[in-house]
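Data block below; observations after.
The values are calculated or read from the model by the stated rules, or taken from the named source; none is laboratory data. All values derive from a computational prediction rather than experimental measurement. Glycine gets a Cβ as well: all are built from the backbone with ideal geometry, and neighbour counts include every protein chain shown.
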């Protein structure tokens, strides 16, 4: 083995959505960083659907952006259709979603990575870690090179022992057309990690010109687009359309007739797939009463010849895939350009992580993305960002960053990952958050940008934008409180349909009425017109829903009490004689960082928690 | 469970024994005591761990009770926080008045076992003791705790569980609508959700309403005997008791003080309270008795207003009648064995004629009292009764969330707020059925302890 010579602070393995954020964060925080990937041409590749955002996911992207990450800027620059979902369902569950130009998304991210001064992007296949004194010390590549570093972030995606299934055929691969990474997961097992196996899948890609769009329902983007990043002022780009198609009884019959050729149903696959993203054969079998399933046909890019049919992932053979697609209205002449497939891969059980995403077994080693059993670009990127931040903080010998469940979806996700055993690929939903009303897209910057600034990831421009918005919100609130509508203002009362007004009423009080939006107050209080749309939205939400927000904050206060009782790292859970063996084993394997976290571990009974609490008190007293 | 505010609860079982102890723990303890306690010996400062005699007054300066009070400064106390104990008369009314006074003052009613919980948290119990307690808790696993709950409270936990499950189904539906906007979810008829919820609100209401019966069954009802002197209150008391307790003489005003006696009427534990005869008087001893009687009328579950059927209605009767206006009252015509001359047509209360000499009308009166106290509640195996204030409060809170839910649904408020209300509704139910949510975990286990222990 030969050493590369140059010593890095941080090495990031894998240049997907997690790896790019990790490497950028580390380099931007002043650490010399190496980003190693198996293929330089597949940086930030969208392996599955060409879209960013959605419920919970859009929230994650806003948080990544607020902390100084790249994903929001990247999709703003390369999105080709923007929509906001759930606009009528409440302020905290509104979510941004965008179709990306897949090639452009990847190309732009690669440029950003390449332009980062302290960041080296190199091709190489990591087969083992280097360790020194019980800490990680670098990585070893298949090409025979050793790279030294003080911290390593593993973001292996679906590549570790990846196995692709198409029908009853299977072959080793990390993604269609790309080799798997062999050896690394065995090496991790050697370091004592519990390694498991998961499964995911992707649908076929259809030839755009072979689809009869006149027979499909068109789904356009929103007329006015709202960017993901707090730094993007507006997106003036021609948007493209998506289309909606439906399966029918004939489609389902074809699938049922061929189930014996599906890797999933023939029992070839050992990994567990996600319940929320079932394959089309799963849907047909599990919901026999449904005689049609809808699929969104999404363009893979502005000039791409490929279309992505969402919700149609499969492990059926290519000829069956073609047959069932052609049974659908509008797809009678369709051509498949790439067949859909299922893939199994190794992941490392994330309960072996601290809430900083550092592994407990090998200090300095961090895991992010699908290696932690998650699915989704946004989930990966959010973890990548946190892992990169903590790897860099570790190199600087500064305190590690932990984000709470009440601070962000990133916190909810990481807390879930480190306390709950992984039963299926983990995906974010807004219902995973107990404090959803506080964790909105619109206030992600107000929640996290100061944290990002402290860490050193927030640029001067972002900081100015953030502060300006803050000031506008405060000033706006003042204006709304000061401006009154009096009964004499008959015209105004008429136009706002306020009915009988006996006393004067402030604009703030008016805004609390469900039917009055802030837009309608702009003409009355013209000073508000100079405020940004972002500031106005947040102002409106914080006033209109103040009562609910207050109630939620009271819930958070109750939650915080246990969250702030820390469990020392070295604690020996086996000493707690009065706990059952099962509970002791659970605590010892998850090693919760706080009493609150211990309480969220399944099987840890309230009685066990009481014993633990008392034990902590005693330790504290010495 | 917040461990830093100041809590209050009775430390002794209510309705048993002549003395009751109310315990307060937390940083505001001393301040709370000093606000309403007036020591007999004027002292500038209360010394820790010393018992003081004095009066407890309410916020308007009215005497609540004559008490003994002790302030114990941290850390040598049961909870290791500042603790105050107030030893008052063992009447439920007095204890309730003191609790009400301090809840209004800003103290919080302790959760079951919360004093012990604080003792744990503050490390007063050492590890071996704590572990022993934990073992005990441990041996009473969740399932046996559920069993105990079912035994103690009939089918309450099962009913709550059923309701929780249905609410949970609605929550799941709402959350699905929120999190999967692009899926083709079944479009649930809003009216069906409304109907379902209304049904459960009714069920919750029935359980909530049972609190009064449940409380009466477990704590007992207080029945007050009121009437002019020598109308036969003590005789009725003795008749119902079946033994001589009150001092009965022919001299009006012999029964000087309130006499309390416990008995069972139609399965309901009842405390019969005999008052000093209610009349305008200048005798200071009697005046005090009259004052107390008037207060008692306000707080009794039922008042028996006695009028001598064999005598003309006089000023004293009118006076007693006026004092009873607006309360739950039965008018009792006594001495039915004699010629009836009293004209009670002015009274609007249900009327019963009795004779303590012959026993005439007594059974009918007993039945009427039981009927009145139990209301619509018919004891059978399917009924659920709640007797704990904590359960009652949780149900009220849950009900409140469901009302909010329906209001929001009608006003077409965003789904997110429907989800918010139903989550909180489930949280409140969870405090009864002992589900483990993020917050009620420790509260849950300690609920198998009695309040204030």
Just to be sure before I move on: is residue A:462 surrounded by fewer than 20 Cβ atoms within 10 Å (Cβ to Cβ) and in a helix (DSSP H, G or I) in the structure I sent? no
If you go through region A:339-357 one residue at a time, do you hit one that is surrounded by 18 or more Cβ atoms within 10 Å (Cβ to Cβ), at pLDDT 95 or above, closer than 15 Å to residue A:26 by Cβ and in the same structural domain as residue A:135 (by TED's automatic domain parsing)? yes
Could you run through region A:515-541 and say how many residues are touching a helix residue (DSSP H, G or I) at 6+ places or on another chain (Cβ under 7 Å), closer than 21 Å to residue A:443 by Cα and in a helix (DSSP H, G or I)? 9
Residues of region A:548-576 satisfying the condition of being under 30 Å from residue A:440 (Cα atoms), free of Cβ contacts under 8 Å to residues at least 12 places away in the same chain and more than 10 Å from chain B (Cβ to nearest Cβ): A:550, A:554
Filter region A:591-615 for residues that are within 12 Å of another protein chain (Cβ to nearest Cβ), in contact (Cβ under 8 Å) with a residue 60 or more places away in the chain and either surrounded by fewer than 22 Cβ atoms within 10 Å (Cβ to Cβ) or over 20 Å from residue A:353 (Cα atoms) (or both) and give the result. A:600, A:601, A:602
Residue A:410: part of a loop (DSSP other than H, G, I, E, B), in contact with a helix residue (DSSP H, G or I) (Cβ under 9 Å, 6 or more places away or on another chain) and either modelled with pLDDT of 95 or more or closer than 30 Å to residue A:31 by Cβ (or both), yes or no? no
Do we find that residue A:7 is in the same structural domain as residue A:140 (by TED's automatic domain parsing), farther than 20 Å from residue A:154 by Cα and either modelled with pLDDT under 95 or surrounded by fewer than 24 Cβ atoms within 10 Å (Cβ to Cβ) (or both) in this structure? no
Look at residue B:143 and say whether it is within 14 Å of chain A (Cβ to nearest Cβ), in a helix (DSSP H, G or I) and modelled with pLDDT under 80. yes
Suppose we keep only residues that are touching a strand residue (DSSP E or B) at 6+ places or on another chain (Cβ under 6 Å) and in a loop (DSSP other than H, G, I, E, B) within region B:49-105. Which one would you say is modelled with the lowest pLDDT? B:90
Would you say residue A:506 is more than 13 Å from chain B (Cβ to nearest Cβ), at pLDDT 90 or above and in contact with a strand residue (DSSP E or B) (Cβ under 6 Å, 6 or more places away or on another chain)? yes
For residues that are in contact with a strand residue (DSSP E or B) (Cβ under 9 Å, 6 or more places away or on another chain) and without any contact (Cβ under 8 Å) to a residue 40 or more places away in the chain, scanning just region A:108-133, find the one that is farthest from residue A:193 (Cα to Cα). A:114
Of everything in region A:17-29, what is farther than 20 Å from residue A:136 by Cβ and touching a helix residue (DSSP H, G or I) at 6+ places or on another chain (Cβ under 8 Å)? Give them in sequence order. A:17, A:20, A:24
Would you say residue A:44 is in contact with a helix residue (DSSP H, G or I) (Cβ under 9 Å, 6 or more places away or on another chain), buried (at least 24 other Cβ atoms within 10 Å of the Cβ), away from every other protein chain (no Cβ under 11 Å) and part of a loop (DSSP other than H, G, I, E, B)? yes
Quick check: is even one residue across region A:384-392 surrounded by fewer than 19 Cβ atoms within 10 Å (Cβ to Cβ) and either at pLDDT below 95 or within 26 Å of residue A:182 (Cα to Cα) (or both)? no
For the condition in a loop (DSSP other than H, G, I, E, B), modelled with pLDDT of 90 or more, out of contact with any helix residue (DSSP H, G or I) (no Cβ under 6 Å at 6 or more places or on another chain) and not assigned by TED's automatic domain parsing to the domain that holds residue A:532, what is the one hit in A:268, A:240? A:240
Looking only at region A:396-414, and only at residues there that are crowded, with 24+ Cβ neighbours inside 10 Å and away from every other protein chain (no Cβ under 14 Å), the one that is farthest from residue A:151 (Cα to Cα): A:408
If you check A:386, A:401, A:362, which single one turns out to be assigned by TED's automatic domain parsing to the domain that holds residue A:51 and in a helix (DSSP H, G or I)? A:386
Positions within region A:587-620 being assigned to a loop (DSSP other than H, G, I, E, B) and touching a strand residue (DSSP E or B) at 6+ places or on another chain (Cβ under 8 Å), in sequence order: A:593
Quick check on residue B:197: is it modelled with pLDDT under 80 and more than 30 Å from residue B:311 (Cβ to Cβ)? no
Does residue A:221 qualify as being at negative phi, within 24 Å of the chain's Cα centre (by Cα) and in a loop (DSSP other than H, G, I, E, B)? yes
Of all residues being touching a helix residue (DSSP H, G or I) at 6+ places or on another chain (Cβ under 8 Å) and buried (at least 20 other Cβ atoms within 10 Å of the Cβ) in region A:577-590, which is nearest to the other protein chains (Cβ to nearest Cβ)? Just the residue, please. A:578
Among the numbered criteria (1) assigned to a loop (DSSP other than H, G, I, E, B); (2) buried (at least 20 other Cβ atoms within 10 Å of the Cβ); (3) within 14 Å of chain B (Cβ to nearest Cβ), which one does residue A:158 miss? (3)
Evaluate the following for residue A:104: is it touching a helix residue (DSSP H, G or I) at 6+ places or on another chain (Cβ under 9 Å), buried (at least 21 other Cβ atoms within 10 Å of the Cβ) and modelled with pLDDT of 95 or more? no
Looking at A:501, A:417, A:438, A:510, can you tell me which residue is surrounded by 14 or more Cβ atoms within 10 Å (Cβ to Cβ), in contact with a helix residue (DSSP H, G or I) (Cβ under 6 Å, 6 or more places away or on another chain) and more than 30 Å from residue A:389 (Cβ to Cβ)? A:501
